[in-house]
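Scroll down for the structure; my scribbles are underneath it.
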Amino acid sequence: MYLRALFLAFLATACTFAASAPAQDLPDGDLIGTASTYTVARGDSLTGIARANHVGFVELLAANPAVTSSIIKAGQSLVIPGQHLLPAASRDGIVVNLAALRLFRFDAAGQVVTFPISVGREGWDTPTGMTRIAQKRKNPTWTVPASIRAENPKLPAVVPAGPNNPLGQYALSLGWPGYLIHGTNSPSSVGRPSSHGCMRMYPEDIETLFNAVAVGDGVTVIDAPITLGRSGGNLYLQVTPTREQARLIAVYKPAPPLTAADAPVASLLDRLSAMKAAGVEIDDQAVAGAIARHDGIPVVIGKAPPAINGTEENPPQKY
């Protein structure tokens, strides 16, 4: 009850593009990546900075709430949100967290690599659940769905492979008919809720993923704006914008924080209350601050119990 009360009171393209983020060994815990800062250079754009630093557009804006327009100045310092908590899902194959606008790929050698993605915009939500990679296509053509042609009658029935193809150079068809993980001919759209339900990736990232996966590999899609994890004996909390908040942030509008009545927060507070009852010390101020900021930056909220997202809670899944 105290934590809930405290929370309610607390609430009163000019860059040089880097190669895809390298795979990392799975840590003894749930935290991967490194936080950093970037000093804006003359001619930089937010979309270019995001791409060069392996983050998505909304991720970058959420971590830098003082940025309220596309105008940035040389010498300005930006936080690069390069740390992530691994999703609370079976760590096998591809795991997508829609709220985090992130795709994680776990391999048999014990490595993980993560990429920013775009997901479905309002009215075209990307589904959650479990599926698999059904087909791999290089230089794909795009057969435009009737629903999208109804929205834009000027579109042709088929878009051939090439620079004008919205699927980019690589496409992974999923077991869900009509849904793909693919590249794009508009990299500035990556990291936003901007698609018709598919998951878009930067051109260099989809090439890396395409070459690493096989038909039949499992794909798990979750929608979890709040993630708990442990690392180095500490308990971490990462709160990313929800898809609704992300839609506002993407157009430089303020996104009201979640309240204690919202399901993700209510679930978190119940879980933390159970931990406290079991003797785990929790920094209530840190929890409330992370929820209010929803900036996607993992923060320490206490000492970790022996298991947070263990096999009992997230057993291996069969596809």
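The values are calculated or read from the model by the stated rules, or taken from the named source; none is laboratory data. The structure presented is a predicted model; accordingly, all values stated were derived computationally and were not measured. Backbone-built Cβ (ideal geometry, glycine too); neighbour counts: all protein chains shown.
Which condition breaks for Pro241 when tested against (1) buried (at least 18 other Cβ atoms within 10 Å of the Cβ); (2) within 15 Å of the chain's Cα centre (by Cα); (3) outside the structural domain of Arg132 (by TED's automatic domain parsing); (4) not in a loop (DSSP other than H, G, I, E, B)?
Result: Pro241 fails condition (4) only.
Could you say which residue among Ala260, Ala224, Ala255 is part of a loop (DSSP other than H, G, I, E, B), more than 30 Å from Lys136 (Cβ to Cβ) and under 20 Å from the mean Cα position of the chain (by Cα)?
Ala255
Among the residues of the stretch 90-105, what is the count of those that are closer than 15 Å to Ile32 by Cα and at pLDDT below 95?
Qualifying residue count for the region: 1.
Please go through the stretch 155-173 and pick out each residue that is surrounded by fewer than 12 Cβ atoms within 10 Å (Cβ to Cβ) and within 21 Å of Ser189 (Cα to Cα).
Pro160, Gly162, Pro163, Asn164, listed by residue number.
Please pick out the residue among Leu167, Leu237 that is at pLDDT below 95 and of a type in the set (A, V, I, L, M).
Leu167
Within the stretch 188-208, how many residues turn out to be surrounded by 23 or more Cβ atoms within 10 Å (Cβ to Cβ) and assigned to a helix (DSSP H, G or I)?
2
Taking only pairs six or more apart or across chains, which ones have beta-carbon atoms under 7 Å, a first residue in the stretch 104-121 that is over 16 Å from Val213 (Cβ atoms) and of a type in the set (Lys, Arg), and a second residue that is part of a strand (DSSP E or B) and modelled with pLDDT of 95 or more?
Close Cβ pairs (under 7 Å, with a partner that is part of a strand (DSSP E or B) and modelled with pLDDT of 95 or more) do not exist here.
Within the stretch 26-58, restricting attention to residues that are out of contact with any strand residue (DSSP E or B) (no Cβ under 6 Å at 6 or more places or on another chain) and of a type in the set (Asp, Glu), which residue is modelled with the highest pLDDT?
My answer is Asp44.
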